[in-house]
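The values are calculated or read from the model by the stated rules, or taken from the named source; none is laboratory data. Small disclaimer: the values here were computed from a predicted structure and weren't measured. Quick reminder, even Gly has a Cβ in these numbers, built from the backbone with ideal geometry, and neighbours come from all protein chains shown.
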Amino acid sequence: MRGIRSIIGGDDEAEFTDEDSFDPEHIPEPGSFLLGHDVLDGRRHVEFHRLTAEIFEERGVYDMTFGYNLAKLNRDTRHSDAGYRYAVDAEDPSVLRAEFSPTTEFCPQSDTLTKGSFRAWNALSDRHGYDLVRVRVAETHQQSEAVNEALAEMERQYEETGEIDAVETDAEVPEPTVERGTDPEAPF
């Protein structure tokens, strides 16, 4: 997937943190989906995220806005509150929770990126050792409820069938909208 051209110029202008470092200032804070669970940090985060980059490369999970493997977003210093955080489920250590924080609250790719992430991680579960990777978008996203309901349905189908190819990804998520302000003179 290398060489995908971005609509905003790719990562040529971006600066990235070192892939072997854990810098809490350049990754999102764990959100509500991870609260009460064993959040990966330090070496544990770095190791799982490095494996994530490999899995996303193999499965083609790319952010088309930036033109790079979605895992690279965690290291992009322009977006220090965006990317993935992970936690081992408190009730079932064979389950990993992954929460995606998009670059904006109206990111139109959040639905596609989280579904692609779910499919990639769970299709290659032998690579990371978890029976299930549960994925959610952070509550800061304007359509988090609808996106997360669709992800929960995918998860239910996967647990029921044990086959990632049997999982339907066409659950209805409304198109993103930008609400107009109350000022009738304002253009938007």
- request: Could you run through region 118-141 and say how many residues are within 17 Å of residue 93 (Cβ to Cβ) and aliphatic (A, V, I, L, M)?
  value: 2
query: From the residues in region 153-173 that are in contact with a helix residue (DSSP H, G or I) (Cβ under 6 Å, 6 or more places away or on another chain) and in a loop (DSSP other than H, G, I, E, B), which one is modelled with the highest pLDDT?
result: 167
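Which one is farthest from residue 97 (Cα to Cα) among residues in region 16-44 that are among the hydrophobic types (A, V, I, L, M, F, W, C) and touching a helix residue (DSSP H, G or I) at 6+ places or on another chain (Cβ under 9 Å)?
Kept after step one, since they are among the hydrophobic types (A, V, I, L, M, F, W, C), are these residues of region 16-44: 16, 22, 27, 33-35, 39-40.
Narrowing the set further to residues that are touching a helix residue (DSSP H, G or I) at 6+ places or on another chain (Cβ under 9 Å) leaves 16, 22, 27, 33, 39-40.
Details: 16: 25, 22: 18, 27: 16, 33: 8, 39: 9, 40: 10 Å.
Here the residue is 16.
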- line: Taking region 106-160 and the residues there that are farther than 17 Å from residue 82 by Cα and acidic (Asp, Glu), the one that is farthest from the chain's Cα centre (by Cα) would be 160
Residue satisfying condition, being at pLDDT 95 or above, surrounded by fewer than 22 Cβ atoms within 10 Å (Cβ to Cβ), in contact with a helix residue (DSSP H, G or I) (Cβ under 9 Å, 6 or more places away or on another chain) and under 20 Å from residue 122 (Cβ atoms), within set 47, 58, 91: 58
- prompt: If we scan region 62-76, do we find a residue that is surrounded by 14 or more Cβ atoms within 10 Å (Cβ to Cβ), at positive phi, part of a loop (DSSP other than H, G, I, E, B) and among the small types (Gly, Ala, Ser)?
  reply: yes
Selected residue [in contact (Cβ under 8 Å) with a residue 40 or more places away in the chain, of a type in the set (D, E, K, R) and outside any strand (DSSP E or B)] from 47, 58: 58
query: For residues in region 94-140 being free of Cβ contacts under 8 Å to residues at least 40 places away in the same chain and polar (S, T, N, Q), which is surrounded by the most Cβ atoms within 10 Å (Cβ to Cβ)?
result: 114
